[in-house]
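The values are calculated or read from the model by the stated rules, or taken from the named source; none is laboratory data. Keep in mind that this is a model prediction, so the values were computed, not measured. Cβ coordinates were reconstructed from backbone atoms using ideal geometry, including for glycine residues, and neighbour counts include every protein chain displayed. The accessibility values were calculated without ligands, DNA or RNA, using every heavy atom of the protein model including side chains. Shrake-Rupley method; radii C 1.70, N 1.55, O 1.52, S 1.80 Å.
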Amino acid sequence: MSLSRTRVTLASGVLLGTLAATAAWAQWFTSGRTTAISQAESISFSVDAVTITGPPLRPGGAGGLRIRLTNHKPFAVRVVMVLADGPVTVDAAHPGCVRTGVSLVSPIYTSWLLAPRQTKEFATSNKVRMTNGSDNGCQGAMFHVPLRATATTA
Amino acid sequence: MTAAPRRRARSRVAAVAAVTAATATAAATGTAFGAWTTPAGGGSGTAAAGTLGTPPTVTATAQPGRAVRVTWTAVTPAPGGYRVERRRSNGDWEAAGPGCASPGAASATCTDAAVPPGQWFYRVAARQGAWLGTPAATTAPVAVNGAPANQAGEAADDGAGRHPTPSTPTPATTPVTAPVTTPGATPAPTATAPPEPTPPPSAPPS
């Protein structure tokens with residue numbers, strides 16, 4: 001009986017140790033950090049505002065992107081990518097603007113660090129482009145550029 | 001230890017091992033920490049498109065050899081280039097000849113060569129890609145090779161280069177705008193007027 005309990009305890013201990021080591025390795029492998037984050041502490045951040053910077057778009061031209069982000073969690077996160085999140089659309093006042101020629105360079109790889117519960121603005125240039133194929137009816141139009149950002153634990 | 005407790009002990013060990021192995025595998029593949037990376041942030045921005053400017057001034061001047069020199073004021077900000085068009089009094093706008101086919105961004109003048117005889121109006125618009133700006137105001141008429149330089153002459157222009165002379169050779173009266181006549185050309189009607197390809201029956205002998 002005593003021998004059996006000892007074996008059970010030993011086996012459990014070895015296996016638990018293996019688990020802990022494997023989990024730690026897995027976390028390091030995924031995030032490059034050793035700080036543990038449980039499932040309950042999932043990342044939560046929001047894109048508060050997006051501004052297309054620079055002069056108005058013209059065929060062959062490009063504009064910058066300014067994004068304000070908020071990290072809602074008590075640990076730092078790093079925004080690693082910004083992606084187009086659907087087609088660019090044009091305002092209703094320009095029905096002749098069928099081929100907008102406008103697109104977001106996607107993906108945009110970033111390394112923007114957000115401290116715990118921080119709101120911060122980031123900027124990147126020449127990421128919204130207009131091709132020479134933009135319809136003549138697009139002059140003076142307003143374009144809606146949807147995007148999303150992906151973050152990881154810092 | 002009897003056989004029954006021993007079996008229970010072995011079962012416990014096996015159960016612990018199975019659970020532990022499964023958990024370890026999940027951790028190793030990262031699925032247990034799937035919240036580390038998230039596509040949580042979404043938003044959108046608004047981008048405004050610009051417009052192409054209009055050249056403030058455009059002038060057209062007749063040149064020797066049935067040519068017309070077109071000059072305009074550059075647009076700011078600079079477009080990709082310009083489009084130069086011409087038309088007869090009652091005709092439709094058409095692209096100017098090779099000399100003015102596609103002036104570049106730095107251009108502010110061009111010479112439309114081998115212009116068919118007649119009276120011509122010019123206009124210039126900025127272009128960029130498929131965009132074309134609002135053209136500048138039309139120039140005053142330019143008479144090439146002795147075309148009529150008065151209203152009567154303009155009205156008689158059939159849009160195909162034929163310029164029948166007035167039945168009564170009266171002097172030009174009240175021109176709409178100051179015409180420019182190609183140097184060396186003689187105002188119609190005269191014997192030196194350019195040959196008419198198909199003169200209308202009503203045209204009097206010159």
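Can you find, within the stretch A:104-116, the residue that is nearest to the chain's Cα centre (by Cα) among those that are farther than 16 Å from A:Ser46 by Cβ and in a loop (DSSP other than H, G, I, E, B)?
Result: A:Pro107.
Which residues, counting only those in the stretch B:97-120, are over 21 Å from A:Asn136 (Cα atoms), open to solvent by 20 Å² or more (accessible area, probe 1.4 Å) and free of Cβ contacts under 8 Å to residues at least 40 places away in the same chain?
First, pick out the residues of the stretch B:97-120 that are over 21 Å from A:Asn136 (Cα atoms): B:97-100, B:106-120.
Of the ones still in play, those that are also open to solvent by 20 Å² or more (accessible area, probe 1.4 Å) are B:98-99, B:106-109, B:111, B:113-114, B:116-117.
Scanning the stretch B:97-120 gives B:Pro98, B:Gly99, B:Ala106, B:Ser107, B:Ala108.
Would a scan of the stretch B:89-96 turn up a residue that is open to solvent by less than 10 Å² (accessible area, probe 1.4 Å) and either closer than 12 Å to B:Ala136 by Cα or in contact with a helix residue (DSSP H, G or I) (Cβ under 9 Å, 6 or more places away or on another chain) (or both)?
Scanning the stretch B:89-96, I find no residue that is open to solvent by less than 10 Å² (accessible area, probe 1.4 Å) and either closer than 12 Å to B:Ala136 by Cα or in contact with a helix residue (DSSP H, G or I) (Cβ under 9 Å, 6 or more places away or on another chain) (or both), so the answer is no.
Which residues, taken from the stretch A:131-154, are hydrophobic (A, V, I, L, M, F, W, C) and more than 7 Å from every other protein chain (Cβ to nearest Cβ)? First the steps, then the outcome.
We begin by selecting, within the stretch A:131-154, every residue hydrophobic (A, V, I, L, M, F, W, C); these are A:138, A:141-143, A:145, A:147, A:149, A:151, A:154.
Of everything in the stretch A:131-154, just one residue is hydrophobic (A, V, I, L, M, F, W, C) and more than 7 Å from every other protein chain (Cβ to nearest Cβ), namely A:Ala154.
Being touching a Pro at 6+ places or on another chain (Cβ under 8 Å) and at negative phi is the filter here; which residues of the stretch A:90-124 pass it?
Initially, the stretch A:90-124 is screened for residues touching a Pro at 6+ places or on another chain (Cβ under 8 Å), giving A:101, A:116-117.
Result: A:Pro116, single match.
Look through the stretch A:79-103, keep the residues that are at the interface with chain B (Cβ under 10 Å from one of its Cβ atoms) and open to solvent by 60 Å² or more (accessible area, probe 1.4 Å), and return whichever of them is modelled with the lowest pLDDT.
Of everything passing the filter in the stretch A:79-103, A:Asp85 is modelled with the lowest pLDDT.
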